[in-house]
1. Mean residue ellipticity at 222 nm from the helices of the chain, using -39,500 (n - 2.57) per DSSP H segment of n ≥ 4 over the full residue count, to the nearest 500 deg cm²/dmol?
2. Quick one: which residues, 5+ away or cross-chain, put their amide H under 5 Å from the amide H of Gln191? H built at 1.01 Å from N.
3. Quote the relative contact order of the chain in percent (integer), defining contacts as alpha-carbon pairs under 8 Å separated by 6+ residues.
4. If you stretched the chain out fully between Leu334 and Asp68, how much longer would it get, using 0.36 nm times the residue separation minus the C-alpha to C-alpha distance?
5. Taking every Cα atom in the stretch 95-185, find the radius of gyration and the maximum pairwise distance Dmax, and write them in Å.
6. At what distance in angstrom do the alpha carbon centres of the stretch 311-327 and the stretch 252-273 lie from each other?
7. In what order do Tyr150, Tyr186 fall by count of nearby beta-carbon atoms within 10 Å, going from fewest to most?
8. To the nearest µm²/s, what D does Stokes-Einstein give for the stretch 200-263 at 10 °C and 1.306 mPa s, using the Kirkwood radius over alpha carbon pairs as Rh?
Amino acid sequence: MADRTENHSDIVIAGGAYVGLSLAVAIKSATPQLGVTVIDAGKKGAWKNDPRASAIAAAAIRMLNKLDCWQGVLPDSEPIREMIITDSRKSDPVRPVFLTFTGDVRPGEPFAYMVENRHLNARLHTRAAELGVTVLEETRVEDFSEQAGYMRITLNNGDIYNTSLLVGADGVRSQTRDIAGIKTMYWPYNQMGIVCTVHHERPHNGQAIEHFLPAGPFAILPLKGNRSLLVWNEDEGETARLMAADDIVFEAEIEQRFGLHLGALRLAGPRGAYPFGLRLARDFVRPRFALAGDAAHGIHPISGQGLNLGFRDAAALAQVVVEAARLGLDIGALNVLEHYQRWRRFETVRMGVTTDILNRMFSNDIPLLRTVRDIGLGLVDRMPRLKDYFIQEAAGLSKQPPRLLLGEAI
């Protein structure tokens, strides 16, 4: 049997997607002396062909801009200039608008941009390489155990990494979370989310639309050019039927929900389907171990906040680690990591509960409840201060945000 390779890295991050890479870049930018290694279980270069897109909130954009990861992406992104919310059925000839939001948190700064995953991933990988972050692709954490003063990690290729801090940013089905023995609270919704991109004849002008239909929200999110990303709820049986349908039938189903306000529609890429549920980790930290992103919290996408919660985790954890390192403290000590847990836990639980309530309230066709929610939406539309509050929340500008989310250096 070949000898195992022993390696040292001050920080090892399991997960090479947005959250893991942005965390690595944030820490390495502020403390170049720390060694940072990212373990990415995905296929080599798979992110280059990722057809998906994501809504990036203003606070996360401020962080990415400070980390020199945004300007290269900006030409391929699309600002959300306006958000429109309706509540209707597929068969309704008219879909009345109950609530509208203009898209700026302050003049010239949209509350969110739509970005195709491959563009932002490319810039994050490039920036990580520029800073000297080690990224190991097609590799995963097999096991780990706390030793006296460090964490000992075994990779699937047999290599060993000794580190002061291991971060689990490996998604909602996190293997590192399971190895650490951290339990989760989980509520399945028995709903699936169908995701695809469409091309339409007329420009969207940066307008996002959320149609609340009996099966759940149907979101139309603007992409660069005459394209939009669609994300919508269906039950498991209807999802199976739609995913098995040919393109002509599928496009007809889209048209029923989308409408014809942007002209003729056609698919502009593959379609995917993903289960929806609420999953919250009971703890975010253990000695020399921390969870971030979907590994810590998986929520319903009704508010578009899932990924942005992960960016906020990255900003908070980076600040805690960097400040501890500057003070000469042990960055993996539990009393250091508990600062991160206290900072992030309340907001993630609050957002999980909020999205759960919104999903249950809007994924039904109960007449009385429809009336109540429509009156509520109408009242919000007539209260500018409350609308401004919701815009700030959607932008990720909550109270006492980490400095990176304000566009400030750690």
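1. That comes out to -11000 deg cm²/dmol.
2. Phe276
3. 22
4. So the chain would gain 92.7 nm between Leu334 and Asp68.
5. 20.2, 63
6. If you average the Cα positions of each part, the centres end up 42 Å apart.
7. The most exposed by this proxy come first: Tyr186, Tyr150.
8. So the translational diffusion coefficient is about 127 µm²/s.
Laboratory data are not the source of any read-out in this text; all were calculated from the coordinates shown. Everything numeric here is computed off the predicted structure, so don't read it as measured data. Note that each Cβ is placed from the backbone with ideal geometry, even for glycine, and that neighbours are counted across all protein chains shown.
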